[in-house]
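What follows is a set of notes on a single structure, which appears directly below.
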């Protein structure tokens with residue numbers, strides 16, 4: 001049976017394979033770049049991640065990937081999103097979350113490791129596609145870890161990427 005993976009946000013499109021069916025979700029109807037095909041494709045589902053995701057049944061997904069998505073939600077929205085994500089994931093499914101790492105960004109700012117304009121983008125978002133592109137919340141590794149664990153997930157791996165932080169977690 002083919003795995004089903006929910007990709008929240010529109011950084012990159014993933015083409016289906018014989019083993020994996022990808023479902024692309026975004027809060028706005030927009031195109032996603034597929035590097036392998038070198039073309040833009042539409043998202044599969046237009047919906048707010050912080051909604052209840054009624055279009056998806058319980059325990060539908062083998063994995064959920066939120067790559068630079070959670071920082072676009074405010075504090076209350078992220079709590080709703082985590083509950084919705086938890087509901088649509090199978091027990092033992094993998095959650096992948098990557099956000100800007102405010103601890104790393106602050107360190108880079110103080111140590112002048114990057115141009116200020118680049119760090120501003122990490123803090124505030126790109127703001128090129130409307131309100132969905134603005135950052136509304138910031139995470140340190142500690143605050144993101146706590147949020148994921150409080151959502152009912154077990155942290156499997158944490159990767160400090162400097163200006164970003166990535167967590168792999170499992171639904172208990």
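Taking the conditions exactly as written (at pLDDT 95 or above, touching a helix residue (DSSP H, G or I) at 6+ places or on another chain (Cβ under 7 Å) and more than 18 Å from residue 66 (Cα to Cα)), does residue 105 satisfy them or not? Considered against the rule, which asks whether it is at pLDDT 95 or above, touching a helix residue (DSSP H, G or I) at 6+ places or on another chain (Cβ under 7 Å) and more than 18 Å from residue 66 (Cα to Cα), residue 105 comes out as yes.
Residues in segment 64-95 that are buried (at least 18 other Cβ atoms within 10 Å of the Cβ) and assigned to a strand (DSSP E or B) were compared, and the one that is nearest to the chain's Cα centre (by Cα) is 66.
So that you can scan it fast, the table gives a plain yes or no per residue for (1) buried (at least 20 other Cβ atoms within 10 Å of the Cβ); (2) not in a loop (DSSP other than H, G, I, E, B):
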| position | (1), (2) |
| --- | --- |
| 6 | yes, yes |
| 11 | no, no |
| 15 | no, no |
| 18 | no, no |
| 21 | no, yes |
| 36 | no, no |
| 48 | no, no |
| 51 | no, no |
| 62 | no, yes |
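Taking the stated definitions as given, is residue 140 over 20 Å from residue 48 (Cβ atoms) and either at pLDDT below 95 or surrounded by 15 or more Cβ atoms within 10 Å (Cβ to Cβ) (or both)?
yes
Is segment 111-122 home to any residue that is part of a helix (DSSP H, G or I), under 18 Å from the mean Cα position of the chain (by Cα) and in contact (Cβ under 8 Å) with a residue 24 or more places away in the chain? Yes, segment 111-122 has at least one match. Among the residues of segment 96-116, those that are more than 13 Å from residue 169 (Cα to Cα) and surrounded by 15 or more Cβ atoms within 10 Å (Cβ to Cβ) comprise 99, 100, 101, 102, 103, 104, 105, 108, 109, 114.
Okay, residues lined up against (1) within 16 Å of the chain's Cα centre (by Cα); (2) at pLDDT 95 or above:
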{"residue": "11", "(1), (2)": "yes, no"}
{"residue": "19", "(1), (2)": "no, yes"}
{"residue": "35", "(1), (2)": "no, no"}
{"residue": "38", "(1), (2)": "no, no"}
{"residue": "48", "(1), (2)": "yes, no"}
{"residue": "53", "(1), (2)": "yes, yes"}
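Flag: residue 132 matches the condition of being in contact with a helix residue (DSSP H, G or I) (Cβ under 7 Å, 6 or more places away or on another chain), part of a helix (DSSP H, G or I) and either modelled with pLDDT of 95 or more or surrounded by 13 or more Cβ atoms within 10 Å (Cβ to Cβ) (or both).
Scoring residue 138 on the criteria (1) free of Cβ contacts under 8 Å to residues at least 12 places away in the same chain; (2) farther than 15 Å from residue 65 by Cβ leaves a single failure, condition (1). Is it the case, given these coordinates, that residue 155 is touching a helix residue (DSSP H, G or I) at 6+ places or on another chain (Cβ under 8 Å) and either over 19 Å from residue 9 (Cα atoms) or modelled with pLDDT under 95 (or both)? Answer is yes for this residue. Is it the case that segment 81-97 has a residue that's at pLDDT 95 or above, in contact with a strand residue (DSSP E or B) (Cβ under 8 Å, 6 or more places away or on another chain) and more than 30 Å from residue 19 (Cα to Cα)? The answer is no, given that none of the residues of segment 81-97 is at pLDDT 95 or above, in contact with a strand residue (DSSP E or B) (Cβ under 8 Å, 6 or more places away or on another chain) and more than 30 Å from residue 19 (Cα to Cα).
The values are calculated or read from the model by the stated rules, or taken from the named source; none is laboratory data. Computed from a prediction, not measured in an experiment: that's the story for all the values here. Neighbour counts run over all protein chains shown; Cβ positions are idealised from the backbone, glycine included.
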